[in-house]
1. Scan region 154-171 for residues that are open to solvent by less than 30 Å² (accessible area, probe 1.4 Å) and under 21 Å from Tyr137 (Cα atoms) and jot them down.
2. Of the residues Met506, Met495, Met462, which single one is under 21 Å from Ile382 (Cα atoms) and within 16 Å of the chain's Cα centre (by Cα)?
3. With (1) at pLDDT 95 or above; (2) open to solvent by 50 Å² or more (accessible area, probe 1.4 Å) as the list, and Ser75 as the residue in question, which single condition is left unmet?
4. If a residue must be closer than 23 Å to Gly335 by Cα, small (Gly, Ala, Ser) and surrounded by fewer than 17 Cβ atoms within 10 Å (Cβ to Cβ), how many such residues does region 350-393 contain?
5. Note down all Cβ pairs under 7 Å where the first residue falls in region 414-442 and is under 16 Å from Ala486 (Cα atoms), the second is basic (Lys, Arg) and part of a strand (DSSP E or B), and they're at least six residues apart or on different chains.
6. For Val219, state whether it is among the aliphatic types (A, V, I, L, M) and surrounded by 22 or more Cβ atoms within 10 Å (Cβ to Cβ).
7. So how many residues does region 240-253 have that are surrounded by fewer than 19 Cβ atoms within 10 Å (Cβ to Cβ) and either over 26 Å from Ala534 (Cα atoms) or at pLDDT below 95 (or both)?
8. Going residue by residue through region 326-345, is there one that turns out to be assigned to a strand (DSSP E or B), modelled with pLDDT of 95 or more and surrounded by fewer than 21 Cβ atoms within 10 Å (Cβ to Cβ)?
Amino acid sequence: MNKNRKKYDILFLAGALLLLGFMGCKKYANPAPVYEELVRTTTLQRKVLVISIDGLTGTELQAVAPANISALQKSSKYSYNVLTSSVATDAGSWASILTGVGYTKHLISQNTFDKDLTAGSGDFEGSITSYRNVFDYITQFKNVKTALVTPWDPLRNYLKNTDFSPVITTDLAVKDSTINILNTQNSLGAMIVNFRDVEAAGANGGYLSTNNNYKDAIVKADAYVGNILTALKARKNYANEDWLVILTTNHGGSSLDPKNGFFIASNPGFKEKELKKTGFNTILFKGTDVIAEVPNDNGLYNAGSTQDFTVQMQVKFNGQTSYPGFLSKSTDVLGTTGTGWVLRQGGNSYLCVVGGSANGGAGTNEFTGGIAADGSWHTIAITVKYGNTSTRTLTTWLDGVAVTTTNISAKGNLSTQEKLTLGYRSVYGVNTALNFQAADLCYFNVALDAATLLANKGLKDMKQHPNYVNLTGYWPIDEGGEGLIANKAPGGYNMVLKGSYKWIAMGTDVPASVAVDPNATDKSIIVANYSIGANILYWMNIKNLASFGIDGDPFLNQFESEFLLN
């Protein structure tokens, strides 16, 4: 009988009626499923072993299909398409794994593991947050020993708070030292093992299974994994331990050309399941601190005094409110002053506020864009077309139909050093919160005409747009993870997320420009390398407090019925 099937019993139930009532209710206590109402009737102790094969891509691991790793998959939740970080260097990827946050928060990419305070990923005015590594939390809340086994000195120097960290230089020594620690340390509770030869082999001939150097290194690493798993199961106290084995990589490929990696989380109680993104997954812009912005556009999105442009976006407002801006390239709007443009909510409508006060132009005015806050997805747009020194036409659009047309030539130059920002912006000094989702934000360097806007309001393939060459920014907002919204236009810049943002799966609730995914009713789980830290804490029964600032989703808690009730 499976060891895991002996581990847990359901709560004691006082009678048959109570049992029937319980079966009709949810299984987990409020507020968090990690603290379930299931009670262990044994003294099994949860422990974690993480093995990273640096440089191994998900696609090439599938192509080689080495024996031990393939066998591990049979009792695992796995992905061969782990989201690539916005900065996926060796150090940056390891920092994400260990802190549970993405690069845009931890700001580490260099092998010194120092923060990149001059990097181009954002502005770093004010205080810089440092994030603790998962071993900090484990040693704070659990009475267990920890170990790191790596041949890479920078990683060993970064993760200094371990009980065992042998100084070694080869992958063979990594395997031997790992086995020795497993054989001799009964109080071991968390261990990270790092192999480096696969990444080095790929540098000699390419990170492809057709490169014999790379393939041979993968097969050898797989043999080492098999040796380690044998030693794990031979531990004297193994029958009283509940190990989660995570097999992963810092990133696929090299630091200079990173590829998607892989993730295998195995436990005897797990049923085999591939973790993948389903449906449309976007950001919930809620409250007053969640924004996405272009850190530096080098003037690309400045409206100037004569430039034509179009801004279009799919949007769903989840309630009616007044005054908060939700898309802007503008200074603060206070009374009649302000420079640039802001789209804001106004009750059940959206409005465009425009002005050029800072550049000598007239103060701000606002123009309605129509009723959009009805709980449904809509296509909103503004176009600005220069005619002559006395004519510059602003038009607001709703679902491809013009709503307001006005001459804004008196506003003058609309350029500002403020960032192109999606998300909350205070307007008129009123701090009401936002609650909306967005998709397919487009910035064209021409003013699209009425026929083009109407015909393409729900275009599903932006490359088929008649003005595709005029796109200077196209952000689908469908990554589902990480702190970056990628620009898919021929030119332009990515957006960086800030604040307490969360990616959410929308299922089949999608805008007209997004094709419905027939598999969207299944769980949508996007695996990023920072997911590892969150799931380590979950498995160790350490409450993930908001103060930790961890981005990762502890998605293993969605499968508790498999390993807590079996």
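1. Within region 154-171, the subset open to solvent by less than 30 Å² (accessible area, probe 1.4 Å) is 155-156, 159, 162, 168, 171.
Within region 154-171, Leu155, Arg156, Leu159, Thr162 qualify.
2. Testing whether each residue is under 21 Å from Ile382 (Cα atoms) and within 16 Å of the chain's Cα centre (by Cα) leaves just Met495.
3. Only one criterion is unmet by Ser75, namely (2).
4. Within region 350-393, residues that are closer than 23 Å to Gly335 by Cα, small (Gly, Ala, Ser) and surrounded by fewer than 17 Cβ atoms within 10 Å (Cβ to Cβ) number 3.
5. Leu420/Lys329
6. Working: among the aliphatic types (A, V, I, L, M): yes; surrounded by 22 or more Cβ atoms within 10 Å (Cβ to Cβ): no.
No, not satisfied.
7. The number of residues fulfilling the criteria is 0.
8. no
The values are calculated or read from the model by the stated rules, or taken from the named source; none is laboratory data. This is a predicted model, so every value here is computed, not measured. All Cβ positions, glycine included, derive from the backbone under ideal geometry; neighbour counts span all protein chains shown. What goes into the accessible areas is simple: the full protein's heavy atoms, side chains included, and nothing from ligands, DNA or RNA. Shrake-Rupley method; radii C 1.70, N 1.55, O 1.52, S 1.80 Å.
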